Amino acid sequence: PASTTRLPGGDLAVGGVPLGELADRYDTPVYLLDEEEVRTRCRAYRAAFPDAGIHYAAKAFLCRALAHWVEEEGLGLDVCSAGELELAVATGFPAERIVLHGNAKSPRDIDTALRLGVGRIVIDSPSEIARLAAAVAPGQRQDVMVRVVPGVAAGAHDAIRTGTEDQKFGMSTGDGYAQHAIARILDQPRLRLTGLHCHLGSQIADVRPYLTAVRRMVGLLARIRESHGVLLPELDLGGGHAVPYRPGEAALDVPGLARRLRAELEEACAAARLPVPRLLLEPGRAITGPAGVAVYRVLSVKQTAGTVFAAVDGGMCDNPRPALYGVRYAPRLVGRASRTEDRPTTVVGRLCEAGDVLAEDVPLPADLHPGDLLAVPVAGAYHLSMASVQNLVGRPPVVAVGCGRSRLLVRRETLADVRARDIGL
Ligand code: LLP
């Protein structure tokens, strides 16, 4: 995870900067991003998969600096809106290294993708085919992939499982639905089908679901060759690689995944007498999750009906994951040493609803008091990218840390920002 060091006074440093100092300088809540950790994780993927295309899934978190780091490390980008796409391209990200996803692409998403020249557009439904083909300029050809449902159940929670037929993404193969769409795509002179895409789900720690998906996808590639005589050169297996949120939790082993995927792919292709397609992957969480740390200040501590509640100055407005998926985090006291034993404490946010819980029954010092700082590790993915302005609490800033220095990347959202949009009376 983010490079943390324990300091003599009891504080913790991330990227060489004490968290107490960062809280004073940038105020709280504040999100820290360890640049070196992000870059190291990008390099680990490149080293494990030297021949594959690695597209960072921008939905996990995106800001201009991050897009720039990812670009410098040689990765591509997976985006799912014109917003993510325009931000990346405005930062100088080469559009041809970007893949556009979406189960409901708006006309603006499609127009922006074509105008900026994205590398690939992933078709999610038959209704997109004619719409996309009509939007491509005469004489031009857009590279596309097609998203199919691999029929593999994996992922840490129902809401983040996308490999089964009971969810909204992609097209099923068992009933020939995807095959029919593929035939139509192949008929479009303005579209060039480069391969198949599937994404199983998120927070998957086991390699085996990916191996099953590979076999099924190679089976489909073989059927496409039989029916249409075409060899699709690419296979995109999406993302979903798990990271540990608490000590003892498992991560997906990336070099192990690389080894076993390659072996499975080669074997399945040899059996089907197919050339081995180029692999594409879309890790999001595994790139930025562990590189992020959220720092909150405790605003109140009380013990009522036997539960100790510590309320902090953020909440589900910056981290909706515990409320949405029941995810458990391991907050810890920073800024000072604890002088007492730990006791079970429930860390809650400042929003006006009872479901605004960040961590239930976690061990925190009995002398925890208002003014203390709590750090939540593994906060770099799907926190701020899913943040809201519930109760008109502005969204926290993002600060890059590394080599003992810090730098503001995204400033705090002020009340003036929020009010500027409200123009009626
Ligand atoms: N590719 C596609 C097509 C995706 O839909 C996703 C995530 C990814 C790649 C990246 O998945 P990752 O490697 O980050 O797991 N908000 C949820 C996660 C939703 C994931 C949506 N799609 C959470 O906080 O756990």
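The values are calculated or read from the model by the stated rules, or taken from the named source; none is laboratory data. What you are looking at is a predicted structure, and each value in this text was computed from that prediction instead of being measured. Every residue, glycine as well, gets a Cβ built from its backbone with ideal geometry; the counts of neighbours run over all protein chains shown.
Quick notes on this one:
- Members of segment 201-241 that are away from the ligand (no atom under 14 Å from the Cβ), in a loop (DSSP other than H, G, I, E, B) and of a type in the set (D, E, K, R): none
- Residues of segment 306-321 include at least one that is acidic (Asp, Glu) and either surrounded by fewer than 17 Cβ atoms within 10 Å (Cβ to Cβ) or more than 16 Å from the ligand (Cβ to nearest atom) (or both).
- Among the residues of segment 396-425, the one identified as without any contact (Cβ under 8 Å) to a residue 12 or more places away in the chain and acidic (Asp, Glu) is ASP422.
- All conditions in (1) within 16 Å of the ligand (Cβ to nearest atom); (2) under 30 Å from ASN319 (Cα atoms); (3) more than 21 Å from the chain's Cα centre (by Cα) hold for CYS198, with the sole exception of (3).
Residues are listed down the side, and each one gets a yes or a no for (1) away from the ligand (no atom under 16 Å from the Cβ); (2) in contact with a helix residue (DSSP H, G or I) (Cβ under 8 Å, 6 or more places away or on another chain); (3) hydrophobic (A, V, I, L, M, F, W, C); (4) within 28 Å of VAL70 (Cα to Cα):
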{"residue": "ARG262", "(1), (2), (3), (4)": "yes, no, no, yes"}
{"residue": "GLY289", "(1), (2), (3), (4)": "no, yes, no, yes"}
{"residue": "TYR296", "(1), (2), (3), (4)": "yes, no, no, yes"}
{"residue": "GLN303", "(1), (2), (3), (4)": "yes, no, no, no"}
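- Some residue of segment 109-118 being over 16 Å from the mean Cα position of the chain (by Cα), touching a residue at least 40 places away in the same chain (Cβ under 8 Å) and assigned by TED's automatic domain parsing to the domain that holds LEU281: no
- Test for ILE123: is it within 15 Å of the ligand (Cβ to nearest atom) and in contact (Cβ under 8 Å) with a residue 24 or more places away in the chain: yes
- Residue identified as among the aliphatic types (A, V, I, L, M), over 25 Å from LEU237 (Cβ atoms) and in a loop (DSSP other than H, G, I, E, B) among ALA137, ALA104: ALA137
- Comparison of PRO150, PRO244 shows that the only residue that is in contact (Cβ under 8 Å) with a residue 12 or more places away in the chain, within 16 Å of the ligand (Cβ to nearest atom) and touching a Cys at 6+ places or on another chain (Cβ under 6 Å) is PRO150.
- Answer from LEU85, LEU77, LEU62, LEU66 - the residue that is within 16 Å of the ligand (Cβ to nearest atom), assigned by TED's automatic domain parsing to the domain that holds LEU196 and in a loop (DSSP other than H, G, I, E, B): LEU62
- Of residues in segment 153-165 being part of a loop (DSSP other than H, G, I, E, B) and within 13 Å of the ligand (Cβ to nearest atom), the one surrounded by the fewest Cβ atoms within 10 Å (Cβ to Cβ): HIS157
- When GLY83, GLY117, GLY76 are checked against the criterion of being at pLDDT 95 or above, among the small types (Gly, Ala, Ser) and closer than 20 Å to LEU200 by Cβ, GLY76 stands alone in meeting it.
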